[in-house]
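These notes concern the structure reproduced below.
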Amino acid sequence: MREALTNPGQGYYTRRGGVGESGDFITSPEISQVFGELIGIWYISEWMAMGKPTTFQLVELGPGRGTLTEDILRVFKQLASVLSKCDVSVHLVEVSPKLSEIQAVMLTGGKVQPSPEDEPAYMKGISKTGIPIFWYRDIQDVPPGYSFYLAHEFFDALPIHKFQRTEKGWREVLVDIDPEVPDKLRFVLSPSRTPATQNFIQPEETRDHVEVCPEAGVIVQRLASRIEKDGGAALVADYGHDGTKTDTFRGFRNHKLHDVLSAPGTADLTADVDFSYLRKMAQGKTATLGPIKQREFLKNMGIDLRLQVQSVRSCRALSVPRQYS
Ligand SMILES: C[S@@+](CC[C@H](N)C(=O)[O-])C[C@H]1O[C@@H](n2cnc3c(N)ncnc32)[C@H](O)[C@@H]1O
């Protein structure tokens, strides 16, 4: 999954990018600006609730085309009088050179500079609204500081391990080359337990099929440590469940479901985020809330009222968001 999505030469995000109506799947910020506006207001209300610190970093993981950050920054500009005594900077964690170029155009009009090799950010610029923006390949490169983190449809793109319960115990689902058909991949079960089955399956597990994303766990631990040390909050929005779903791994190409093993690197691959696992990974460091349904979050944030005052021009695409199979 990691190779198919982010291999520097052939990865799906590296080459295709895929977000948007002309791509392979559409995300909420690409449908309506209201999504990002409400998230922008959520950050401002958190900032006020935390006593209006004099500086904060907005850190987005996997910003896609940059649309969500653009909408948030517009809200920050509209509420400039509220934020007037606060130094805001934007930090984008993006591995795809193609998408970072699109983000640079969206957010700065293309006015960016590559950074010297010895600097943690690989690119920097100033947003159209005058806020400094930096790009990184890894969350570890983002400087410490009071931060509001945002991960929208990011964790679902990180690689998972899959496990199947059998009569002989837990086995890992692996990818193999089909000996009957050249160039075809197939799923197989490990003949015995693997280190991953030993490490990632909980003794109390009741499901027969389980997906675990250790990389998501590591990133959440890092976010939790950073928040514990420097202050801030994180908002994670994704397709997900609370430790209840089983086989959710799927591919999308041209807005249609696509066989995950066919033509790797040409389709988006995604697996639902297990929020119970993320919560466990943050435990002891930060308070965790949720998950709640996105609908509920947006309603609590006043989407109905906002839509009433919003003209039809806000409709960015007539597609529907990514759907389950
Ligand atoms: C499904 S897109 C989400 C786009 C955006 N957040 C939106 O809602 O429109 C996933 C994003 O995560 C990025 N990405 C995937 N794996 C990554 C990784 N390991 N590190 C950083 N970014 C990654 C992709 O390049 C892309 O920008």
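All of the numbers you see were taken from the coordinates with simple rules; none came from a lab. The shown structure was predicted, so the numbers you read here are calculated from the model rather than taken from an experiment. Cβ: placed from backbone, ideal geometry, glycine included. Neighbour counts: every protein chain shown.
How high is the relative contact order of the range 161-210, given as a whole-number percent (alpha carbon pairs under 8 Å, six or more residues apart)?
Reported relative contact order: 39 percent.
Could you tell me how many cubic angstrom of Cα convex hull volume the range 161-210 has per residue?
Values: hull volume 4.1 nm³, N = 50.
Expressed per residue, the convex hull around the Cα atoms of the range 161-210 is 83 Å³.
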Karplus-derived 3J(HN,Hα) from phi for the range 164-179 (6.51 cos²θ - 1.76 cosθ + 1.60, θ = phi - 60°), whole Hz, x at Gly and Pro, runs 10, 7, 10, 4, 8, x, 6, 10, 8, 7, 10, 9, 10, 8, 5, x
With θ taken as phi - 60° and the coefficients 6.51, -1.76 and 1.60, list the Karplus ³J(HN,Hα) couplings across the range 193-207 in order, rounded to whole Hz; mark glycine and proline as x. 5, 10, x, 5, 4, 5, 8, 10, 8, 6, x, 8, 4, 10, 6
Of the listed peptides 142-150, 32-40, what is their order by residue-averaged count of other C-beta atoms within 10 Å, with the highest listed first? 32-40, 142-150
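Assuming 0.36 nm per residue, please report the length gained on full extension of the stretch M50 to T129 beyond their Cα-Cα distance. Present the calculation step by step, with values, prior to reporting the outcome.
Values: separation 79, 0.36 × 79 = 28.44 nm, distance 2.43 nm.
That works out to 26.0 nm of additional length.
Report the extension gain between E3 and R207 in nm, rounded to one decimal, defined as 0.36 nm multiplied by the number of residues separating them, less their alpha carbon distance.
Once the chain is fully extended between E3 and R207, it gains 70.7 nm.
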Taking neighbour Cβ counts within 10 Å as the exposure measure, how do C213, C86 sort from fewest upward? C86, C213
From the Cα gyration tensor of the chain, with a ≥ b ≥ c the square roots of its eigenvalues, which class applies: rounded if a/c is under 1.5, or else prolate if a/b is larger than b/c, or else oblate? prolate
Any chance you could run the full-extension gain for Q78 through R15? It's 0.36 nm times the residue separation minus the Cα-Cα distance, nm to one decimal. 19.2 nm
Report the residue, chosen from R137, R295, R253, that carries the largest GNM mean-square fluctuation when the chain is represented by alpha-carbon nodes joined by springs under 10 Å. R295
List, in the order given, every pair from K77/K111; K128/K285; K124/K285; K162/K184; K98/K256 whose Cα-Cα distance in the structure shown is over 27 Å. K128/K285; K124/K285
Rounded to whole Hz, the Karplus (6.51, -1.76, 1.60) HN-Hα couplings of the range 115-120, x for glycine and proline: 8, x, 3, 7, 8, x
TM-like helix rule applied to the chain (DSSP H, alpha carbon span at least 20 Å on the long axis, mean Kyte-Doolittle at least -0.5) gives 33-49, 214-230
